[in-house]
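K.L.:
Quick one: the structure is below, and I'll ask about it shortly.
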Amino acid sequence: MSGLAYARAASLESATEVIGSHRAAEVIAGGTDLLQRLEEHVLPPPLVVDINGVEGLRAIEVDDHEIRLGALVRLNQVIESAPVRDAFPAIVEALIVTASPQVRNLATVGGNPLQKTRCLYFRDQSTPCNKREPGSGCGALEGRNRINAILGGSEHCIATHPSDFAVAMAALDATVLVVGARGERRLPFTELHRLPGDTPHLEHNLAPDEVIEGYRLTRTPLARHSHYLKVRDRGEFEWAICSAAVALELDHGGRIADARVAVGGVATKPWRLGQVETALQGRQATAEAFAEAAALSVQNAVAHGDNAYKLALLPRTIARALTELRERL
Amino acid sequence: MGAIGKPVARVDGPAKVTGTATYAAEFHPENMAYAALVHGTIPRGWIKSIATDAAESVPGVIAVVTHLNAPRLPWKPVDAAPVDPGEGEQLRPLHSDEILFAGQPIALVIAESQETARAAAALVSFTCVPSDGAGLVFDRARARPPSDGTRESYPAEWERGDAEGAFASAPRRIEGSYLQPRLFHNAMEPHATIAAWDDEGKLTLWDKSQWVDNVRDQITRNFGLAEDEVRVISPFVGGAFGSALRCWPHVTMAAMAARIARRPVRLELTRRELYTAVGYRPYTLQDVKLAADEDGRLRSVIQTAYGLTSAYEDYGEEVLDPVGMLYDTMSARTVYRLVELDTNTPTPMRGPGAVTGVFALEMAIDEMADAMDMDPLEFRLKNYAERDLKKDLPFSSKALRSCYETAALRFGWEKRDPRRRAMHDGNMLVGYGMATAVWPAMQAPASVRIRLFANGTAVVRTAASDMGPGTYTSMTQVAADRLDLPVERVTFELGDSSLPMAPVHGGSMTMASVGNAVAAGCKKLRDDIARLDGAEDGEHPVETLMRLRRDSFEVDGAAEPGAEAGTHSSYAFGAVFAEVRVDPDFGTVRVPRLVGAYDGGVIVNPRTARSQAIGGMVQGIGMALMEAGEWDDRLGRVMNANLAEYLVPVHADVEELEAVFVESEDRIFNPLGVKGIAEIALCGVAPAIANAVWHATGLRIRELPLTPDRLLMAEQAARTS
Ligand SMILES: Cc1cc2nc3c(=O)[nH]c(=O)nc-3n(C[C@H](O)[C@H](O)[C@H](O)COP(=O)(O)OP(=O)(O)OC[C@H]3O[C@@H](n4cnc5c(N)ncnc54)[C@H](O)[C@@H]3O)c2cc1C
Ligand code: SF4
């Protein structure tokens, strides 16, 4: 009746075949973001391919070296996993502050990093938005952009990537397992998403026929010493206005041997801050060192009016996350 | 049996929690079809072309209605109801090619299913020609006084004494500008109407409404029908806060659609549509100037409000009513202005006017107290008004002093360090703040029909409504009390325009209006039965009926305001105390504690009354910290028109809430002694929190909501200045 077709895939191979051969078809997992878009006619796909019946994607596999998450693992399942909590605390902490328990019971780790931006213009289909309708202009650039990005934006789009989980995954050097018509491949998590540039409608580096099968996370001492901190407009059930996933490894002298810093709520993709990580290296883990390194986070940041407060908020969020983590080590 | 004052559990509670309570969208007349709307996107102009064939060709579509083929309705003139703006004309949907605001409905699709209707609506294409209108930028330079036709209650100018002169010559002065953004009711239940015409041309509407009689009257006029040809049914309302006071255009469209489809049609609005299809609390900018003597006596209060209205209706509200009466000030002056925008018309939202005016006034009072180095509570007590100086009348009752004392004691106000930024909890800044709350007590004529049965049960009926506060329960209690029956033996029916007339369920006046009608009806019933041949002195009316072998006895009862309106001023009062915790790095604010004490007259049901009060506090947390419609003044749209981006408090934002009702009864105002407790509960919460944030941080942020961006930018501004 309505131009929306639905198909059920029995295997990932058949799913990739169908979405590869139908333009703009999308898989549906938890549906928690896709249904919002269908409801509001925001890039409604003509065909959704339900992958919930696919076997073997719901497991969290643990061994001595790594942990593998299947794409259909629900967010709450990760929170409840003791091995993940122990080896990758930042991931569990990011998920605990994601959405609500109800949403997390449905939402999957495969769908979460591919949820669309919360940019107000993207979500209101009667306004200009280059991401939704290439060439129509960017409503947010000079509009209500309090929640938009100060990092990684272009003159075409300054939408933030909204996921918490993805920020932790970027910080902890996760690998994405991808399946497509031509077989499997691996992708560093930090290369999953694209910068908007002049093609903000292209958000990730998956080919039309490719889907996420799962992730690999390598256990490291660094990842065990990780932490996620989120700042938001209300107590719960809200995306970040700023967040930080951090990891620290200290040497015997209390100096920082290695560090990871990724931030969310401020950037167009899950954002690794290499210059902050480098600045931390070799320093004593003091509040002063944290503040100095964190200050570098806004070196290349650009504010657009309503979101100027993020220039102050971002370094403070990183410094606080590092301080809280230091207290735990 | 003294049912009044008992914490009776909601009589409709079991129906609500088991899902048998039927809300407007949940009726299922046989053979019902479904409607969906198409909206214009430009803020002002004309529809140039509209193409409906793609939608019409979708299987299951019954009809697509636009201004080109909509039935011409008679639109008989109608006297503005008290819930309508005093001047202007409500949007006539699908009436012409004119577009008055972005989001205006320009077509309606009727189909066999809701999904088909919505999908087909997306296929309607159209072109529009923009034109000049009132504009989209809220600019106080374009402000004008409200039109002549608007009510006395919001005069363009009002003054007692020489307020400007007193201000100029006073030793202590402060002034500031305060902004309250556009706020939305966001009740849980979306608006919905089901319309069904019968073979004789009579119309039944199942509608979400706070006033079924008004919906009947409006629809009667719009369609040129007689009063007995329209019946409006609304037994349950899932929250409204004022959004269901008026008869909005979608009600007319539902009736139109049912006439075209020749079968019942349901039109249920989507969440996004609720931001344009019904009203909202208007964006309001205010300037406040206060002056005092060296000893802390207020000499002058001058408050100017610039309220937003649409270009097609003059919506005004009593923002400035509290200014002249809340404090014992030697002089006072108010100026009220409207700014037109090309947008849909605002409408009352819980505590309309007073909530807005009190927010600015109570923040300014706090600033004045600080400027005087006085405790904010002491400053308010010093300027306590024993009399309504605005109306120059005594109060029919006023227990505000006891509200202040009770709330301060429960809160522990004496622990407040008078210095700003002086209280801490670990890294967090702690602040205490307070504010006064006020709301006019009102009564309107109401009527009821009461039937007492010889089996000891009674049924009370009226066209009142219950949007959630517990009208069903409290009215049952009044009747049980006055008939000397157990609460379980009394049934209360409401929400049907075929029942005896009742006033609007708004303005906190349902208990004063309908409650007194119930009490009067019960008295009449007892008197009439006592006068029956063979009735014996002192016996219960049920005994009389039994002995006289009468199955039942019915009376009509009514009540209306007495002469006291001319001799006394009646208000409900309250005092709200707030504690906040502010993260100095992030600018995030938490409210661990709110304590409110209220003078609301006699409390018929302390349980539902508490529920009202804490509900108002939660809404107040939202108003203070997160709620705001984000208006894009290039597009003429509220950009966050959904519940993912328009934030309201969640459980995690709400911690300790304490509500106390102080000893109070107002028998001058009405025989039951009640005043009203709905609107007052929201009043004062936001300024109490904002004053606490100032106490915690030293930042005076005069724009709501107090989001992290505002705190961080204010901190930066404070540092550079
Ligand atoms: C009220 C609410 C609050 C929220 N708050 C937060 C928050 O605070 N933080 C946060 O991070 N998120 C938040 N979310 C978003 C939520 O976490 C995501 O919607 C969810 O994780 C998406 O997962 P899903 O399985 O439901 O995806 P779906 O909705 O099914 O799909 C989302 C997208 O991913 C694609 N997709 C799904 N699975 C795969 C796969 N295996 N391979 C390739 N593509 C795939 C789909 O095609 C679609 O484009 C919130 C959501 C809601 C509704
Ligand atoms: S920021 Fe991106 S998503 Fe938002 S309006 Fe601009 S183009 Fe669209």
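The values are calculated or read from the model by the stated rules, or taken from the named source; none is laboratory data. Note that the structure is predicted; figures quoted are calculated from it, not measured. Please note: Cβ atoms are built from the backbone with ideal geometry, for glycine as well, and neighbour counts cover all protein chains shown. The protein model used for the area step is the full one, side chains on, heavy atoms only, and it has no ligands, DNA or RNA in it. Shrake-Rupley method; radii C 1.70, N 1.55, O 1.52, S 1.80 Å.
K.L.:
Among the residues of segment A:24-78, what is the count of those that are more than 8 Å from ligand 1 (Cβ to nearest atom), without any contact (Cβ under 8 Å) to a residue 24 or more places away in the chain and under 26 Å from A:ASN130 (Cα atoms)?
P.N.:
2
K.L.:
Moving to a separate point now. Within segment A:133-156, which residues are more than 14 Å from every other protein chain (Cβ to nearest Cβ) and open to solvent by less than 10 Å² (accessible area, probe 1.4 Å)?
P.N.:
A:ALA149, A:LEU151, listed by residue number.
K.L.:
Being surrounded by 15 or more Cβ atoms within 10 Å (Cβ to Cβ) and either within 14 Å of chain B (Cβ to nearest Cβ) or part of a helix (DSSP H, G or I) (or both) is the filter here; which residues of segment A:1-12 pass it?
P.N.:
Across segment A:1-12, the qualifying residues are A:SER2, A:LEU12.
K.L.:
Then there's this: Spot the failing condition for B:ALA659; the list is (1) under 22 Å from B:PRO322 (Cα atoms); (2) within 24 Å of the chain's Cα centre (by Cα); (3) hydrophobic (A, V, I, L, M, F, W, C), and only one is missed.
P.N.:
(1)
K.L.:
Name the residue that is nearest to the other protein chains (Cβ to nearest Cβ), counting only residues in segment B:694-711 that are closer than 23 Å to B:ARG182 by Cβ and either part of a helix (DSSP H, G or I) or among the acidic types (Asp, Glu) (or both).
P.N.:
So in segment B:694-711, the residues closer than 23 Å to B:ARG182 by Cβ come out as B:700-711.
Narrowing further to those that are either part of a helix (DSSP H, G or I) or among the acidic types (Asp, Glu) (or both): B:703, B:708-711.
On the way: B:GLU703: 13, B:PRO708: 6, B:ASP709: 4, B:ARG710: 8, B:LEU711: 8 Å.
Selected residue: B:ASP709.
K.L.:
Residues being on the phi > 0 side of the Ramachandran plot and buried (at least 23 other Cβ atoms within 10 Å of the Cβ): count how many of those fall in segment A:228-276. Break it down stepwise before answering.
P.N.:
Within segment A:228-276, the subset on the phi > 0 side of the Ramachandran plot is A:237, A:254, A:265.
If we keep only those that are buried (at least 23 other Cβ atoms within 10 Å of the Cβ) too, we end up with A:265.
Residues meeting the conditions: 1.
K.L.:
I'm told B:ALA117 meets every condition in (1) part of a loop (DSSP other than H, G, I, E, B); (2) of a type outside the set (Phe, Trp, Tyr); (3) surrounded by 17 or more Cβ atoms within 10 Å (Cβ to Cβ) except one. Can you identify the failing condition by its number?
P.N.:
The failed condition is (1).
K.L.:
Of the residues B:ARG92, B:ARG72, which single one is closer than 30 Å to B:TRP631 by Cβ, assigned to a loop (DSSP other than H, G, I, E, B) and open to solvent by 60 Å² or more (accessible area, probe 1.4 Å)? Give the derivation first.
P.N.:
Working: B:ARG72 fails: closer than 30 Å to B:TRP631 by Cβ.
Going through B:ARG92, B:ARG72 in turn, the sole match is B:ARG92.
K.L.:
Right, something else. Taking the residues in segment B:644-688 that are within 16 Å of ligand 1 (Cβ to nearest atom) and open to solvent by less than 20 Å² (accessible area, probe 1.4 Å) as candidates, determine which candidate is farthest from B:VAL589 (Cα to Cα).
P.N.:
Of segment B:644-688, the ones within 16 Å of ligand 1 (Cβ to nearest atom) are B:644-653.
Among the residues that remain, those that are also open to solvent by less than 20 Å² (accessible area, probe 1.4 Å) are: B:646-647, B:653.
Working: B:TYR646: 17, B:LEU647: 14, B:ASP653: 10 Å.
For segment B:644-688, the residue satisfying everything is B:TYR646.
K.L.:
While we're on this one: In the set B:GLY636, B:GLY676, B:GLY698, B:GLY684, which member is on the phi > 0 side of the Ramachandran plot and more than 25 Å from the chain's Cα centre (by Cα)?
P.N.:
On the way: B:GLY636 fails: more than 25 Å from the chain's Cα centre (by Cα); B:GLY676 fails: more than 25 Å from the chain's Cα centre (by Cα); B:GLY684 fails: more than 25 Å from the chain's Cα centre (by Cα).
Of the residues listed, the single one that is on the phi > 0 side of the Ramachandran plot and more than 25 Å from the chain's Cα centre (by Cα) is B:GLY698.
K.L.:
Still on this structure: Take A:LEU120 and decide whether it is within 14 Å of another protein chain (Cβ to nearest Cβ), buried (at least 24 other Cβ atoms within 10 Å of the Cβ) and touching a residue at least 24 places away in the same chain (Cβ under 8 Å). Working first, answer last.
P.N.:
Numbers: within 14 Å of another protein chain (Cβ to nearest Cβ): yes; buried (at least 24 other Cβ atoms within 10 Å of the Cβ): yes; touching a residue at least 24 places away in the same chain (Cβ under 8 Å): yes.
Considered against the rule, which asks whether it is within 14 Å of another protein chain (Cβ to nearest Cβ), buried (at least 24 other Cβ atoms within 10 Å of the Cβ) and touching a residue at least 24 places away in the same chain (Cβ under 8 Å), A:LEU120 comes out as yes.
K.L.:
If we scan segment A:194-204, do we find a residue that is in contact with a helix residue (DSSP H, G or I) (Cβ under 6 Å, 6 or more places away or on another chain), closer than 27 Å to A:VAL246 by Cα and within 13 Å of ligand 1 (Cβ to nearest atom)? Walk me through how you get there before you give the answer.
P.N.:
Residues of segment A:194-204 that are in contact with a helix residue (DSSP H, G or I) (Cβ under 6 Å, 6 or more places away or on another chain), as a first pass: none.
So far as segment A:194-204 goes, no, none of its residues is in contact with a helix residue (DSSP H, G or I) (Cβ under 6 Å, 6 or more places away or on another chain), closer than 27 Å to A:VAL246 by Cα and within 13 Å of ligand 1 (Cβ to nearest atom).
K.L.:
Here is a further query. Any residue in segment B:627-635 that is open to solvent by 10 Å² or more (accessible area, probe 1.4 Å) and under 22 Å from B:ARG416 (Cβ atoms)?
P.N.:
no
K.L.:
Separate question: Take the residues in segment A:196-206 that are open to solvent by 30 Å² or more (accessible area, probe 1.4 Å) and in contact (Cβ under 8 Å) with a residue 60 or more places away in the chain, then tell me which one is farthest from ligand 2 (Cβ to nearest atom).
P.N.:
From segment A:196-206, those open to solvent by 30 Å² or more (accessible area, probe 1.4 Å) are A:197-199, A:201-205; that's our starting set.
Subset that is in contact (Cβ under 8 Å) with a residue 60 or more places away in the chain: A:199, A:201, A:203-204.
Values: A:THR199: 11, A:HIS201: 8, A:GLU203: 10, A:HIS204: 15 Å.
Selected residue: A:HIS204.
K.L.:
Same structure, new question: Please work out if A:ARG216 is of a type in the set (Lys, Arg), within 16 Å of ligand 1 (Cβ to nearest atom), outside any strand (DSSP E or B) and open to solvent by 10 Å² or more (accessible area, probe 1.4 Å). Step through it out loud before you land on a result.
P.N.:
On the way: of a type in the set (Lys, Arg): yes; within 16 Å of ligand 1 (Cβ to nearest atom): yes; outside any strand (DSSP E or B): no; open to solvent by 10 Å² or more (accessible area, probe 1.4 Å): yes.
No: the conditions fail for A:ARG216.
K.L.:
While we're on this one: Which pairs have Cβ atoms under 8 Å, sit 6 or more apart or on different chains, and link a residue in segment B:624-639 that is more than 27 Å from B:PRO687 (Cα to Cα) to one that is part of a strand (DSSP E or B) and at pLDDT 95 or above?
P.N.:
That search, which allows pairs on different chains as well, returns B:GLY636/B:LEU341; B:ARG637/B:TRP631.
K.L.:
Mind counting the residues in segment B:340-399 that are of a type in the set (Lys, Arg) and closer than 30 Å to B:HIS505 by Cβ? Working first, answer last.
P.N.:
Pass one, segment B:340-399, residues of a type in the set (Lys, Arg): B:350, B:380, B:382, B:387, B:390-391, B:398.
Remaining after also requiring closer than 30 Å to B:HIS505 by Cβ: B:350, B:390-391, B:398.
Qualifying residue count for the region: 4.
K.L.:
Consider B:LEU308 carefully, then state whether it is within 21 Å of the chain's Cα centre (by Cα), surrounded by fewer than 24 Cβ atoms within 10 Å (Cβ to Cβ) and closer than 17 Å to B:LEU285 by Cβ. Give the steps one after another, and end with the answer.
P.N.:
Details: within 21 Å of the chain's Cα centre (by Cα): yes; surrounded by fewer than 24 Cβ atoms within 10 Å (Cβ to Cβ): yes; closer than 17 Å to B:LEU285 by Cβ: yes.
Yes.
K.L.:
I'd like to check something: does segment A:94-110 contain any residue that is touching a strand residue (DSSP E or B) at 6+ places or on another chain (Cβ under 7 Å) and more than 14 Å from ligand 1 (Cβ to nearest atom)?
P.N.:
No, there is no match, as no residue in segment A:94-110 is touching a strand residue (DSSP E or B) at 6+ places or on another chain (Cβ under 7 Å) and more than 14 Å from ligand 1 (Cβ to nearest atom).
K.L.:
Among the candidates B:MET368, B:MET363, single out the residue that is more than 23 Å from B:PRO155 (Cβ to Cβ), assigned to a helix (DSSP H, G or I), under 24 Å from the mean Cα position of the chain (by Cα) and of a type outside the set (Asp, Glu).
P.N.:
From the options B:MET368, B:MET363, the qualifying one is B:MET363.
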